[in-house]
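Undergrad: Structure in structure tokens, see below.
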Amino acid sequence: MLFTPYKLGRVTLRNRTVRSAAFESMGADYSPTQKLKDYHVSVAAGGIGMTTLAYASVSRSGLSFNSQLWMRPEIVPALKDITDAIHAEGAAASIQLGHCGNMTHISTAGQIPIGASNGINLYSPTIVRRARRAELEQIAADFGRAVRLAHEAGFDCVEIHAGHGYLISQFLSPLTNHRRDEFGGSLDNRMRFMRMCLDEVMRVRDETGIGVLMKHNMYDGLNCGIQVPESIEIARVIESYGVDGIVLSGGFVSRTPMLVMRGAMPIDVLTHFMKNRALALSIKLFGWMMMRPYPWSECYFLEDAKKFRAALKCPLVYVGGVVSREGAEKVLGAGFDLVQMARCLVAEPAFVRRMETEGPDCRSVCDHTNYCIGRMYSVDMQCHRNVEE
Ligand SMILES: Cc1cc2nc3c(=O)[nH]c(=O)nc-3n(C[C@H](O)[C@H](O)[C@H](O)COP(=O)(O)O)c2cc1C
């Protein structure tokens, strides 16, 4: 089943595997680099059905890192070069589009960071201002514009990031949305910004035929955040737009980052590579309070994801702790349409090819010590197996 083709929008994937959006931190000045291309081409050559470039911002105001992509016409030729090379290896290409909202900094965003509500970004210390309606309309339009640029750059699909505590998720979650206007309070109001973005995205989808996936939180991981029942209601609205699939995840990068990935929080690695030594020291001292660990287990989101499978008809994409052919087949057997993987493809870009050739007993070498995560924030996403430091 894992190696049966799958039709996603207008493109047919050669199998059911997708390289999940996992921030490579391989851009420079918000633009693609040869290193970013080489990595995704290696995953494509390694047998993946579709690979996803991570975490591109739809506008300048949504950027957290210099090594992130910012969707703008100037980078379309370089992106086209990457999608051409991915296609030449037989894989499809996708790009994750989002806006980091309150997780940005003036130095990257070019303005005081904006979020659903006023606050502070502790990770890149700065104050955050609540976004105005006109700004939200502009960002929604930016989502549509970014999808069009992705189409021009040869991507088969886009993945809209509506989870993990980034801007759309900041509006959905009562944890970060304290507004009393039309964007806050009731679930209907909290979904308003997401719907504005989806209106724009799906209009461009209808014109171009590009595939659309949406990454969505099943739960935020905190009592006052989104829980499964409310998340299912949100997923039903996303489904009603006719998206090509919903990617089910969970967690808030600012509060429960390890809920997304599980396993050890590599505070030593994170602080070792940080340039801001004062911030590194405070994370070393207090990081354990901000980043509580969640134990890793194989396919750790599966039981929660099944609740969504039972409630929804649209295609669903599973992500979280897939490290073996057996695990991937189990996920598909539970009714999911595609399987995303991140860390095992950081450790071993050709893991899919190995699963195909070695068969049912094949397992990843990834040990989820999460060195790749600690390193990503300051250098680039690499597995400790593949570097000499
Ligand atoms: C280094 C790294 C960077 C990540 N960056 C992103 C990201 O940019 N966007 C996103 O939605 N998820 C991101 N994730 C989460 C992954 O997409 C995925 O949901 C999570 O790692 C669980 O999948 P896995 O067990 O196969 O690694 C990242 C994960 C890792 C390990």
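Undergrad: What residue, of Gly335, Gly374, is of a type outside the set (A, V, I, L, M), more than 11 Å from the ligand (Cβ to nearest atom) and surrounded by fewer than 23 Cβ atoms within 10 Å (Cβ to Cβ)?
TA: Exactly one of Gly335, Gly374 is of a type outside the set (A, V, I, L, M), more than 11 Å from the ligand (Cβ to nearest atom) and surrounded by fewer than 23 Cβ atoms within 10 Å (Cβ to Cβ), namely Gly335.
Residue-wise test of (1) in a helix (DSSP H, G or I); (2) more than 23 Å from Pro174 (Cβ to Cβ); (3) not acidic (Asp, Glu).
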site: Lys35; (1), (2), (3): yes, yes, yes
site: Phe65; (1), (2), (3): no, yes, yes
site: Glu74; (1), (2), (3): yes, yes, no
site: Thr83; (1), (2), (3): yes, yes, yes
site: Asn102; (1), (2), (3): yes, no, yes
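Undergrad: Quick one: which residue in Met1, Met26 is at pLDDT below 95 and not in a strand (DSSP E or B)?
TA: Met1
Undergrad: Scan the stretch 177-198 and tell me whether some residue there is within 13 Å of the ligand (Cβ to nearest atom), in contact with a strand residue (DSSP E or B) (Cβ under 8 Å, 6 or more places away or on another chain) and either among the β-branched types (Val, Ile, Thr) or closer than 19 Å to Leu316 by Cβ (or both).
TA: no
Undergrad: Moving on. Residues of the stretch 239-266 being of a type in the set (A, V, I, L, M) and within 15 Å of the ligand (Cβ to nearest atom), which ones?
TA: Scanning the stretch 239-266 gives Ile246, Val247, Leu248, Val253, Met258, Leu259, Val260, Met261, Ala264, Met265.
Undergrad: Now a separate question. Looking at Val346 and the list (1) within 16 Å of the ligand (Cβ to nearest atom); (2) in contact with a strand residue (DSSP E or B) (Cβ under 9 Å, 6 or more places away or on another chain), which single condition is not satisfied?
TA: Of everything listed in (1) within 16 Å of the ligand (Cβ to nearest atom); (2) in contact with a strand residue (DSSP E or B) (Cβ under 9 Å, 6 or more places away or on another chain), Val346 misses just condition (2).
Undergrad: Can you find a residue in the stretch 16-30 that is under 18 Å from Ser364 (Cβ atoms), touching a Ser or Thr at 6+ places or on another chain (Cβ under 7 Å), within 11 Å of the ligand (Cβ to nearest atom) and hydroxyl-bearing (Ser, Thr, Tyr)?
TA: Scanning the stretch 16-30 turns up at least one residue that is under 18 Å from Ser364 (Cβ atoms), touching a Ser or Thr at 6+ places or on another chain (Cβ under 7 Å), within 11 Å of the ligand (Cβ to nearest atom) and hydroxyl-bearing (Ser, Thr, Tyr).
Undergrad: Can I ask one more? Quick check on the stretch 95-114: of everything there that is free of Cβ contacts under 8 Å to residues at least 60 places away in the same chain and among the small types (Gly, Ala, Ser), which residue is nearest to Ala153 (Cα to Cα)?
TA: Per the stated criteria, the residue is Ala109.
Conditions (1) of a type in the set (D, E, K, R); (2) buried (at least 21 other Cβ atoms within 10 Å of the Cβ), marked per residue:
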position	(1), (2)
Met103	no, yes
Gly110	no, no
Ile120	no, no
Tyr123	no, no
Arg129	yes, no
Arg132	yes, no
Glu135	yes, no
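Undergrad: With the requirement that a residue be assigned to a loop (DSSP other than H, G, I, E, B) and away from the ligand (no atom under 16 Å from the Cβ), what does the stretch 267-302 give you?
TA: Lys275, Asn276, Arg292
Undergrad: Related question: Name the residues in the stretch 31-43 that are within 16 Å of the ligand (Cβ to nearest atom) and more than 16 Å from Pro349 (Cα to Cα), would you?
TA: Pro32
Undergrad: Any residue at all in the stretch 208-218 that is under 17 Å from Ser249 (Cα atoms) and part of a loop (DSSP other than H, G, I, E, B)?
TA: The answer is yes, given that some residue of the stretch 208-218 is under 17 Å from Ser249 (Cα atoms) and part of a loop (DSSP other than H, G, I, E, B).
Undergrad: Which numbered condition in (1) of a type in the set (Asp, Glu); (2) farther than 30 Å from Gly335 by Cα; (3) assigned to a helix (DSSP H, G or I) is the only one that Glu182 fails?
TA: The one condition Glu182 does not meet is (3).
Undergrad: Also, I was wondering about something else. Please pick out the residue among Ser124, Ser117 that is touching a residue at least 60 places away in the same chain (Cβ under 8 Å), polar (S, T, N, Q) and in contact with a strand residue (DSSP E or B) (Cβ under 6 Å, 6 or more places away or on another chain).
TA: Unique residue meeting the criteria: Ser117.
Undergrad: For the structure I just gave you, tell me whether Ile226 is farther than 18 Å from His368 by Cα, under 17 Å from the mean Cα position of the chain (by Cα) and either free of Cβ contacts under 8 Å to residues at least 60 places away in the same chain or surrounded by 19 or more Cβ atoms within 10 Å (Cβ to Cβ) (or both).
TA: Spelling it out, it is not the case that Ile226 is farther than 18 Å from His368 by Cα, under 17 Å from the mean Cα position of the chain (by Cα) and either free of Cβ contacts under 8 Å to residues at least 60 places away in the same chain or surrounded by 19 or more Cβ atoms within 10 Å (Cβ to Cβ) (or both).
Undergrad: Go through (1) under 23 Å from Val379 (Cβ atoms); (2) assigned to a helix (DSSP H, G or I) for Ala54 and report which single condition fails.
TA: Condition (2) is where Ala54 drops out.
Undergrad: Now, a different point. Taking the residues in the stretch 114-169 that are within 18 Å of the chain's Cα centre (by Cα), more than 15 Å from the ligand (Cβ to nearest atom) and in a loop (DSSP other than H, G, I, E, B) as candidates, determine which candidate is farthest from Leu63 (Cα to Cα).
TA: Asp156
Undergrad: When you go through (1) within 30 Å of Leu302 (Cα to Cα); (2) within 21 Å of the chain's Cα centre (by Cα); (3) touching a residue at least 24 places away in the same chain (Cβ under 8 Å) one by one for Leu187, which number turns out not to apply?
TA: It fails just one condition, (2).
The values are calculated or read from the model by the stated rules, or taken from the named source; none is laboratory data. Keep in mind that what you see is a predicted model, and the values were worked out from it rather than measured. In this analysis, Cβ positions are derived from the backbone assuming ideal geometry, glycine residues included, and neighbour counts consider all displayed protein chains.
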